[in-house]
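Have a look at the structure below before the remarks.
Nothing in this text is a laboratory measurement; each read-out follows from the coordinates by a stated rule. Just so it is clear, the structure is predicted and the values come from calculations on it, not from any experiment. Cβ placement follows ideal geometry from the backbone for every residue including glycine, while neighbour counts extend to all protein chains displayed.
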Amino acid sequence: MTASENLSGLALAIRSASESTTFDLANHNASSLSHIIATAFSAPFPSHLLSGTDAGMIRLTFVVGAGKLSRQKYDEKAMQVVTRVLKSECGFAEDRGGSCTRECAG
């Protein structure tokens, strides 16, 4: 059984991304965001999904908030939850100077 067989919904969509994609995290509370991110990034992405991309990498963008008229759709802690889970549970490190090049790959 592969890791993707246990995924559903947004976690599956993240895990299945084969090109740079934006995911809107509206209408998800902190608990569900924590589970989604931990599940989606629990293992490296399969290389066959990334083989057709530049340097075998993609950019995943997560929308975690909005302006005054749409603010209520987002959990106020969404950015902190996503960042915490990626760092503490998935082993990611923040690299503000990184880019989608092979030299910046971890």
Placed amide H near Asp24: partners under 5 Å, 5+ positions off or other chain: Val63
Protection proxy ranking, peptides 20-30, 75-85, 35-45, 59-69, average beta carbon neighbours within 10 Å, highest first: 35-45, 75-85, 20-30, 59-69
